[in-house]
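Asks: Before I ask anything, let me first share the structure, which is written out below as structure tokens.
Taken together, the values in this text are just the output of simple stated rules run on the coordinates, not laboratory data. None of these values were measured; they are calculated from a predicted model. Cβ placement follows ideal geometry from the backbone for every residue including glycine, while neighbour counts extend to all protein chains displayed.
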Amino acid sequence: MASAVASFLDRRIDARATPIAVGDVLVIALLLTGGTVRHNGLDFVLSNPVYLAGVLAPFLLGWVVAAPVLGAYAPGATETAKAAVPLALRSWVVADVVGLGLRATPVFHGGVQLSFAAVTLLVGAVGLGVWRVLFFELR
């Protein structure tokens, strides 16, 4: 079983995608941090890093689960923006749903409001799409 999972992930993760992966995680974290600061204030966020971690964790967990499985770092994702952006977008849809699902549990604070779900889906998709286009334009 473990070798089957390893074999699957070997086909879904290209080591050349490491810079893209690092950028993806940074974009997700920056966008969520920006929203948290906007709604709670910078002083609150700086004095409550555990709160911020609780905001970031569900979506980053969703990304870590969804992105490799859905091919965000597959060999084709390292070739062109035209290939990389759709892979990120479909991964983000699933990651966002996972993140929202986790926020609906008592483990994470924040809950799930329809407006929040729409904003995270849209802002995350735009942010990841723009990041990946810039990555290929600037390299």
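Asks: Just need the relative contact order of the chain here, percent rounded to a whole number, with Cα pairs under 8 Å and 6+ apart.
Replies: Over the chain, the number comes to 29 percent.
Asks: Return, ordered by residue number, the residues of the stretch 36-70 whose backbone nitrogen is under 20 Å from a label point located 7 Å along Cα→Cβ of residue 139.
Replies: 64, 67-70
Asks: How many nm separate the modelled label positions at residue 119 and residue 107, each set 7 Å beyond the Cα in the direction of the Cβ?
Replies: Simple spin-label model gives 2.4 nm for this pair.
Asks: Working out 0.36 nm times the residue gap between residue 37 and residue 82, then minus their Cα-Cα distance, what length gain in nm do you get to one decimal?
Replies: 13.0 nm
Asks: Using every Cα-Cα pair within the stretch 57-100, state what percent have a distance larger than 13 Å.
Replies: Here the tail beyond 13 Å accounts for 45 percent of pairs.
Asks: So which residue, out of 75, 58, 106, gets the largest mean-square fluctuation from a GNM of the chain using Cα contacts under 10 Å as springs?
Replies: Comparing 75, 58, 106 in the GNM, the peak value goes to 106.
Asks: Can you pull out the chymotrypsin sites (Phe, Trp or Tyr not before Pro) in the stretch 77-139 that DSSP calls coil and that have at most 14 other Cβ atoms within 10 Å?
Replies: Loop-located and lightly packed - none at all.
Asks: Using θ = phi - 60° and the Karplus curve 6.51 cos²θ - 1.76 cosθ + 1.60, what whole-Hz ³J(HN,Hα) does each residue of the stretch 91-107 get, with Gly and Pro shown as x?
Replies: 5, 5, 4, 5, 4, 5, 4, 4, x, 5, x, 5, 5, 7, 8, x, 5
Asks: If one puts a single equal scatterer on every Cα of the stretch 2-138 and applies the Debye formula without solvent, what log₁₀ I(q)/I(0) results at q = 0.19 Å⁻¹?
Replies: Values, matching the q order: -1.06.
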